[in-house]
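The values are calculated or read from the model by the stated rules, or taken from the named source; none is laboratory data. Everything numeric here is computed off the predicted structure, so don't read it as measured data. Here the Cβ is made from the backbone with ideal geometry for all residues, glycine too, and neighbour counts use every protein chain on show.
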Amino acid sequence: MTVRTIDVRERVMARNNEIAADVRRQLEAAAIPALNLVSSPGSGKTALLERTLDALGGDLRISVVTGDVQTQNDADRLAARTSRLVQAVVTNGACHLDASQVQHALEALDLADTDLLFIENVGNLVCPAGWDLGEQSKVVLFSVTEGEDKPLKYPAMFRNSSCAILTKMDLLPYVPFDVERAVAAARSVNPGLRFFYTSAVTGVGMEAWFEFLRSLVRSRAVAAR
Amino acid sequence: MHELSLALEVCRIAEANLDAASLPRLRRVSIELGEAANIEVANFRFCLEALLGAPPFGAATPAITLCPGDDLRLASLEVDDDGPDD
């Protein structure tokens, strides 16, 4: 038997990362901050975006790409809040978005007419952590109805995110959730994590999130000059 | 679920590095898997075995070596040039 060994040494994520780098270049050239929203299912990504579109959609040209395993329900909910195109990616079973899906979705968007891009990833706290989509940063959401130790159970997602949004704060009186413990758990994984404390139902804490988004758009516009 | 996506990508890289005649003679795919790569080893191996045992491959098997870190690499391919096409 003559065995021939071929040395490959190729990173399995290399192709995804190359496409993600292309997406990032494309978005940077258009001066568009892009946020990849990640969380477990039901943490409130779509509700946060509904409220964000309601509040900022008049001042900022916001584009959205949604990812779901099945249905376009999230995209339909968001399309009801904006006259702009909401791009739905149905992954048909895949547990995360990948860079080629985002690249394809961007082809339908007018980037010259966009100030801010949201990518609402598939609800999953594991797999989306490992897939670069070309975003400026990941924003992880978790709700007060989840455990405070979620950042310890799913450290990669919190480590790879620049911001964390604690959602459903209006439910805090009804659930045994210790905010300080949750924040400490998250910061033990990622000390630089910036926190927002929000309720998309009552609007509590949303203004800080909106101001953060406005400042992102302003800084990108200044950097592009 | 993402183990299957990654296994498919391993197969794509293997195909890109082999000519058509070598595909059914591929015997071993060596993979370096970071322990912090968020990949479930048994699930990943199951996906690889299923894909590498079907056309265009013949009877290739994965050899997974766990390493520190979070990287995942296809390290090398072993082809039996004298063997029958499986």
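Hey, can you tell me all the residues within segment A:58-105 that are polar (S, T, N, Q) and either over 20 Å from A:Leu35 (Cβ atoms) or part of a loop (DSSP other than H, G, I, E, B) (or both)? Lay out the reasoning, then the answer.
Residues of segment A:58-105 polar (S, T, N, Q): A:63, A:66, A:70-73, A:82-83, A:87, A:91-92, A:100-101, A:103.
A:Gln70, A:Thr71, A:Gln72, A:Asn73, A:Thr82, A:Ser83, A:Thr91, A:Asn92 - these are the residues of segment A:58-105 that are polar (S, T, N, Q) and either over 20 Å from A:Leu35 (Cβ atoms) or part of a loop (DSSP other than H, G, I, E, B) (or both).
Quick one: which strands (runs of 3 or more DSSP E) sit completely within segment B:1-85 and have at least 2 residues that are away from every other protein chain (no Cβ under 12 Å) and either within 13 Å of the chain's Cα centre (by Cα) or crowded, with 16+ Cβ neighbours inside 10 Å (or both)?
B:61-67
Is it true that some residue in segment A:13-20 is in a strand (DSSP E or B) and within 14 Å of chain B (Cβ to nearest Cβ)?
The answer is no, given that none of the residues of segment A:13-20 is in a strand (DSSP E or B) and within 14 Å of chain B (Cβ to nearest Cβ).
I'm told A:Glu148 meets every condition in (1) surrounded by 14 or more Cβ atoms within 10 Å (Cβ to Cβ); (2) in contact (Cβ under 8 Å) with a residue 60 or more places away in the chain except one. Can you identify the failing condition by its number?
Among (1) surrounded by 14 or more Cβ atoms within 10 Å (Cβ to Cβ); (2) in contact (Cβ under 8 Å) with a residue 60 or more places away in the chain, A:Glu148 violates only (2).
Does A:Val38 meet the test of being among the hydrophobic types (A, V, I, L, M, F, W, C), within 14 Å of another protein chain (Cβ to nearest Cβ) and touching a strand residue (DSSP E or B) at 6+ places or on another chain (Cβ under 9 Å)?
On the way: among the hydrophobic types (A, V, I, L, M, F, W, C): yes; within 14 Å of another protein chain (Cβ to nearest Cβ): yes; touching a strand residue (DSSP E or B) at 6+ places or on another chain (Cβ under 9 Å): yes.
Yes.
What's the total number of residues in segment A:174-218 that are in contact (Cβ under 8 Å) with a residue 40 or more places away in the chain, more than 19 Å from the chain's Cα centre (by Cα) and more than 16 Å from A:Ser39 (Cβ to Cβ)?
Matching residues across segment A:174-218 total 2.
So A:Arg194 clears everything in (1) closer than 30 Å to A:Leu85 by Cβ; (2) among the basic types (Lys, Arg); (3) within 14 Å of chain B (Cβ to nearest Cβ) except one condition, right? Which one?
(3)
Here is a check on your reading of the model: is A:Val189 more than 25 Å from A:Asp74 (Cβ to Cβ), at pLDDT 95 or above and either among the charged types (D, E, K, R) or crowded, with 16+ Cβ neighbours inside 10 Å (or both)?
Yes, satisfied.
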